[in-house]
Amino acid sequence: MQPDHVRIFDTTLRDGEQSPGATMTSSEKLEVAKTLSRLGVDVIEAGFAAASPDDLRAVKTIAEAVGVTGVEGRPVPEPPTICSLARADKSDIDKAAEAITPATHGRIHTFIATSPIHREHKLRMTRDQVLEKITEMVSYAKSFTSDVEFSPEDAGRTEMDFLYEALQAAVEAGATTLNIPDTVGYTIPAEFGERIAMIRENVRGVENAVISVHCHNDLGLAVANSLSAVQNGARQVEVAVNGIGERAGNASLEEIVMALYVREDLYGIGTQIDTTQLTRASRLVSKVTGMMVQPNKAIVGANAFAHEAGIHQDGMLKHEETYEIMRPETVGAGKTQLVLGKHSGRHAFANRLGELGYPVSGDGLDKAFARFKKLADKKKYITDADLVALVSDELYQPTEYWKLEKIQVGCGTGMPTATVRLTGPEGQLRTEAEVGTGPVDAVYKAIQGIVDVPCTLLEYTVHSVTEGIDALGEVSVRVSPHDDQAQPDKINPQYEHSRARVFHGHGAHTDVIVASAKAYLAAINRILAIQEARRDNEAAGSAA
């Protein structure tokens with residue numbers, strides 16, 4: 001039976017996290033999963049359980065916390081389905097089954113490549129061998145759960161006659177969802193839509209499965225291809241918040257949802273998503289991954305509802321629909337602002353955060369309110385953008401192995417210098433002074449002199465949250481640790497190549513040098529957290 005809506009299958013926590021530098025901590029993954037549940041997504045692909053013990057635990061934690069009853073504010077009664085990816089391999093499927101066990105609705109998503117180039121060069125398997133593996137592994141996954149999804153990897157470049165055979169084998173083995181991935185973003189909308197129509201016509205038993213699509217954005221066509229598939233009968237679309245993912249990314253959740261919402265007259269079918277949560281979800285994912293959203297990004301970009309041209313402004317003043325096909329309030333980007341200042345109380349502060357989609361209480365509220373008061377002493381008016389930056393900086397930072405206490409810089413045409421004082425993991429105070437090519441370089445050298453976690457700064461970006469000389473500055477950095485330059489590819493270990501891991505950090509402050517220090521420390525703390533988790537996993541393995 002086909003669903004009466006387009007299922008939204010979110011892979012932010014799996015494919016999205018594979019973006020270089022987008023690694024999230026377990027607590028960040030859980031917060032993103034809760035946000036996805038509040039959005040109303042049908043399926044959360046919580047990770048690749050076989051990738052590492054930490055990934056398995058993360059999927060299991062999400063299954064326990066989100067997959068049993070959902071979360072407060074979820075727009076539909078049923079909790080989301082919690083899914084784990086697994087290669088067509090018994091060990092992978094075993095781990096996926098273990099990870100999703102706590103969920104009310106659990107799904108195993110298994111895949112194997114089917115295109116000639118993958119069969120010949122990666123798998124070194126014949127067509128018959130691939131078909132045999134599909135039957136065996138889908139049947140094996142079915143022994144753990146009734147909900148099994150199968151993907152023929154690189155379906156966009158697979159011969160149609162063999163694609164039919166592969167999907168037929170999966171259906172006969174018990175697959176309930178057939179996902180057609182355009183793995184390398186090769187197809188164009190008319191071509192991809194036709195593939196979906198042909199699959200519906202030529203695969204026996206396909207009416208007993210939901211057809212899904214997973215499109216990559218290498219040619220900038222992921223959303224267009226996905227929508228073409230919907231027009232041709234697909235009833236699940238695999239997406240990621242902000243379109244993040246491998247290489248050029250995935251189809252963007254917010255763009256798919258709003259295209260179906262705004263043009264329901266054309267598609268005749270919608271989703272279960274609470275669209276008012278889209279902006280909040282976008283901002284959260286941007287914060288925890290360090291991947292900033294471009295200003296002109298559709299739906300959630302800073303300029304998505306901005307009008308500067310005189311003709312546009314005149315039209316908007318006369319009638320909003322002259323230049324806006326959707327209202328900002330519909331996607332949670334409301335124009336109305338409650339201006340807070342140094343005289344505002346805790347209740348007004350907490351209430352506004354709740355309205356913005358950041359409900360905080362207890363110790364988290366105390367810390368955020370204390371930072372708000374400090375900011376209010378420096379700024380006359382605190383805007384919504386300031387509040388979001390402030391609370392995000394407070395809530396979504398990694399465990400603080402090293403914490404910034406004091407910083408002093410001297411700069412100019414002479415020798416830029418920086419003195420930095422940090423509190424260490426054991427509560428010890430350490431102070432270091434350094435000279436650099438500029439104040440930020442001097443600060444980072446001083447921090448390195450204390451923490452001794454050698455790494456290369458790959459990217460440094462800074463922007464102001466609001467207008468004005470007293471604007472809150474946000475800094476994002478990406479670093480690669482020197483001892484992590486050749487980590488195996490944990491997602492595709494069959495590949496011979498390796499790639500360096502990249503870690504991000506984020507900091508916000510009215511002083512951009514302080515924000516820079518906080519961002520760099522956040523990245524260092526992420527590295528230390530991953531190293532500690534790796535040691536714990538090795539110790540657990542030795543003990544076993």
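The values are calculated or read from the model by the stated rules, or taken from the named source; none is laboratory data. These figures come from a predicted structure and were not determined experimentally. Ideal geometry is used to build each Cβ from the backbone, glycine not excepted, and the neighbour counts take in all protein chains shown.
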Limited to the range 137-161, what total is found for residues that are assigned to a helix (DSSP H, G or I), among the hydrophobic types (A, V, I, L, M, F, W, C) and surrounded by 18 or more Cβ atoms within 10 Å (Cβ to Cβ)?
-> 4
Any idea which of P77, P116 is at pLDDT below 95 and either of a type outside the set (G, A, S) or in the same structural domain as T12 (by TED's automatic domain parsing) (or both)?
-> P77
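For every residue, the table says whether it meets (1) touching a Pro at 6+ places or on another chain (Cβ under 7 Å); (2) free of Cβ contacts under 8 Å to residues at least 60 places away in the same chain; (3) more than 30 Å from T114 (Cβ to Cβ).
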position: R7; (1), (2), (3): no, no, no
position: G21; (1), (2), (3): no, no, yes
position: T25; (1), (2), (3): yes, no, yes
position: V41; (1), (2), (3): yes, no, no
position: I44; (1), (2), (3): yes, yes, no
position: R57; (1), (2), (3): no, yes, yes
position: P79; (1), (2), (3): no, yes, yes
position: L85; (1), (2), (3): no, no, no
position: I93; (1), (2), (3): no, yes, no
Return the total of residues in the range 83-135 being assigned to a helix (DSSP H, G or I) and either over 12 Å from A49 (Cβ atoms) or among the aromatic types (F, W, Y) (or both).
-> 18
Test V66 against the stated conditions and say whether it is in the same structural domain as L30 (by TED's automatic domain parsing) and either farther than 12 Å from A33 by Cβ or touching a His at 6+ places or on another chain (Cβ under 6 Å) (or both).
-> no
Name the helices (runs of 4 or more DSSP H) wholly within the range 178-282 that hold at least 3 residues that are crowded, with 18+ Cβ neighbours inside 10 Å?
-> 189-202, 222-231, 253-262
Could you run through the range 163-180 and say how many residues are more than 13 Å from V148 (Cβ to Cβ) and in contact (Cβ under 8 Å) with a residue 40 or more places away in the chain?
-> 3
Out of the residues in the range 106-123 that are under 28 Å from the mean Cα position of the chain (by Cα) and among the charged types (D, E, K, R), state the one that is farthest from F150 (Cα to Cα).
-> K122
